[in-house]
Structures are given as structure tokens and as C-alpha cells.
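Nothing in this text is a laboratory measurement; each read-out follows from the coordinates by a stated rule. For clarity, every value in this text was computed on a predicted model and none was experimentally measured. Heads up, the Cβs are rebuilt from the backbone with ideal geometry, glycines too, and the neighbour counts pull from every protein chain shown.
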Amino acid sequence: MRNPQKTPKAPDRMAGWVRAVRIVVFIAAAYLLVQLTQVQISIYRQRQVLEDLNLQCLDQKAENDSVERYLSMQDDTQLVEQIAREKLGFAYPDEVVFIDAAGS
């Protein structure tokens with residue numbers, strides 16, 4: 001014969017375990033959601049840094065190309081002529097020079 005007092009306790013214990021497991025699962029899910037959000041924010045910031053570095057890299061490549069052009073000139077007269085034109089604004093006597101007023 002069964003004791004009628006023991007049967008009601010078993011479902012109560014089981015309901016307590018189920019509730020505890022649900023709470024643990026909820027806390028774990030909330031923790032993972034917070035961690036995922038932080039990782040996504042970090043990825044976004046790192047992509048912005050990468051974009052900035054790529055722009056700097058492109059600027060540096062353009063400057064390197066300019067320096068390579070200077071270095072690859074056949075003789076010093078070409079280099080002197082280019083510097084005189086670009087930096088000092090010199091031109092040949094019969095040459096007409098147009099200046100971009102917009103500055104671009």
C-alpha cells in the first residue's frame with residue numbers, strides 16, 4: 001500500500017527542479033545575448049578602424065608613387081624642371097599657365 005503523503009511531494013520537487021532549470025537557462029541566454037552584443041559592437045568599431053587604415057594606406061601609396069616618379073626620372077634636369085613648375089610656379093617664356101581658382 002502506498003503512503004498518500006509521499007505522492008504529492010514528488011511533483012512539487014519536480015516542479016521546483018523544472019523552475020530552477022528554466023531560471024538557469026534564462027540567465028545563460030541573457031548572458032550570451034549580452035556577450036554577443038558586445039562582440040558585435042567590437043566588430044563594428046574594428047571595421048571603422050580598418051576603413052581608416054585603408055584610407056591612410058591609399059594616401060601613402062599615392063605619395064609613394066609620387067616619390068617613385070621623382071626617383072625614376074632619367075636626369076636631374078627633369079626633376080629640377082618639375083620642382084620649378086610645381087613648387088615655384090615657373091614656366092617657359094612662351095608658355096601659358098592656367099591656375100585652377102577652385103583649388104582642386
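Details
- Here the label points at Gln48 and Ile23, each 7 Å from Cα along the C-beta direction, are separated by 4.0 nm in the simple model.
- Rg/Rh ratio calculated on Cα atoms of the chain (Kirkwood radius): 1.70
- Note on region 8-73: dipole from Cβ charges, positive end direction compared against Trp17, Tyr44, Tyr31; the farthest Cα belongs to Trp17.
- Estimated 222 nm signal from helices in the chain, with DSSP H stretches of n ≥ 4 weighted -39500 (n - 2.57), rounded to 500: -27500 deg cm²/dmol
- C-alpha long axis of helix 76-86 to longest principal axis of the chain, angle in °: 70
- Positive contributions from Lys and Arg (+1) and negative ones from Asp and Glu (-1), summed over other residues with Cβ under 12 Å from the Cβ of Ala62, come out at -2.
- Against the main long axis of the alpha-carbon atoms of the chain, helix 6-71 sits at an angle near 0°.
- Placing +1 on the Cβ of every Lys and Arg and -1 on the Cβ of every Asp and Glu, with no other charges, gives the chain a dipole of roughly 2620 debye about its Cα centre.
- In this structure the amide hydrogen of Phe90, modeled in the peptide plane, comes within under 5 Å of the amide hydrogens of Arg85, none closer than 5 places in sequence on its chain.
- Summarising the label geometry, the points placed 7 Å from Cα in the beta-carbon direction at Leu36 and Ala102 lie 4.9 nm from one another.
- Hz values of 3J(HN,Hα) by residue in region 93-100 - Karplus curve (6.51, -1.76, 1.60), Gly and Pro given as x: x, 8, 9, 9, 10, 9, 10, 6
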